[in-house]
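Nothing in this text is a laboratory measurement; each read-out follows from the coordinates by a stated rule. Computed from a predicted model, the values in this text were never measured in an experiment.
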C-alpha cells in the first residue's frame, strides 16, 4: 500500500535540484544536518525574506535602525550618568568639606 504524500505534520515533495546547488549545499551544511533540515531552514528563510520585501521592510535596514536607536539611547544614558556622577561628586565634596569645618 502506497503511503500518502501529506500527513498532519508534513508534505512529501519531489524536486529536481541542479548539481551545482546540491554541491553548494553540501559545502555549507552543518556536520549533522540532513538535506531535509537544510532545505526546510532555507525555505523558511526565503519565506520571511519575501514577506518582508512585500511589506517594504528590509530586515537588514530594520536591524540597522534598531542598532542606531540603541546607540542614541546609549549616548543619552552616558550623558545622564556623567551628570549624575558629577552631582554625586559635588555632594560628596560638600559633605567632606562640612565635616572638616
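A few points about this structure:
- Rg of the Cα atoms in region 12-64, relative to 2.2 N^0.38 Å, amounts to 1.41.
- On a per residue basis, the convex hull of the C-alpha atoms belonging to the chain measures out at 271 Å³.
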